[in-house]
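Only one structure is covered here, and it is reproduced in the block below.
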Amino acid sequence: MRELTGLQLEEYREQGFVTLGPLLSRDEIATLRAEEERFRLPVGYGGERNQNLRVNIQLCNRSEPIRHFCTAGPQLGALAQLAGSALCLTHQQFVTKLPDAEDEHSDIPWHQDNGYGRLEPMTDVTLWVPLVDTDESNGCLRVLPGSHRQGLLEHGAAGVNPVLREAACGNEGQPLPLAAGEGVAFSGLTLHGSGPNRSSRPRPAFYVRYCSPDTRMVAEDGSERPVLEDPHSWMVWGEA
Ligand SMILES: O=C(O)CCC(=O)C(=O)O
């Protein structure tokens, strides 16, 4: 199990993200890539104009390798340090960018994860692990260091894709090129996004969101319920 040093904890507090190094072996990467292909939806996320962005969510109950990584992967100790002391899994998804032609855009605009499914308190942590080597040519993750300190920003419908949300950033941010199987943890308030995939191969990534078990889920109408009442929430570290 990975444990973060004092310096890494400080980095997360200051920057809103911290890289975790390799989390998956070559075999595990190959297995998760095969699962991503098996579950890849035949339609884009956001309709006709957005065929290259494929998202499939909450697959833990359908796949042992996905469940195993989310509930017993080497990241859990580190993420428990970041979220509090105990850890609850709340959301998992594959995000895949198929190769974009010049006029196609599988971009994910700047957003905070709490600008989508809001959690309270906003001490949640997302783990993002690409399943191929990533850099700016195939849409690696981009973050805005320190942006978590602004609190929750207003999100509107994204111009690039009607089902995505976007917050104003006003900055190029920092590209985070990662090798296949390496992880980065970022706060639910850290502005992040990704550009198009201008390579000739798909760019699959694995996304898992964790929080403290005393978190509440806040619906669009403002109503709240304990995170552990959601059927996709599982305790993965410590006691509720
Ligand atoms: O996979 C990506 O490019 C980014 C995914 C992301 O930002 C998200 O799902 O919130």
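Coordinate-derived values only; no laboratory data. Owing to the predicted nature of the structure, the values given are computational and were not obtained by experimental measurement. Note that we place each Cβ from the backbone using ideal geometry, even for glycine, and neighbour counts take in every protein chain shown.
Taking the three principal axes of the alpha carbon atoms in segment 6-237, the coordinate ranges are 45, 40, 36 Å, sorted in descending order. Packing-based ranking of 81-89, 219-227, 188-196 yields 188-196, 81-89, 219-227, ordered from highest to lowest mean Cβ neighbour count within 10 Å. Taking amide H as placed 1.01 Å from N in the peptide plane, the amide H of Ser106 sits under 5 Å from that of Asn197, each at least 5 places away or on another chain. Taking label positions 7 Å along the Cα-Cβ direction at both Arg201 and Ala240, the computed distance is 4.1 nm, reported to one decimal. Extension gain for Ala101-Glu224 works out to 40.1 nm (0.36 nm per residue, less the C-alpha to C-alpha distance).
Between amide H atoms placed 1.01 Å from N, distances below 5 Å from Glu182 occur with Leu23, all of them 5 or more places distant or on a separate chain. Where only DSSP H runs of four or more residues are counted, the chain gives -5000 deg cm²/dmol as its mean residue ellipticity at 222 nm, each run worth -39500 (n - 2.57). Sorting Cys211, Cys60 from the fewest to the most surrounding beta carbons within 10 angstrom yields Cys60, Cys211.
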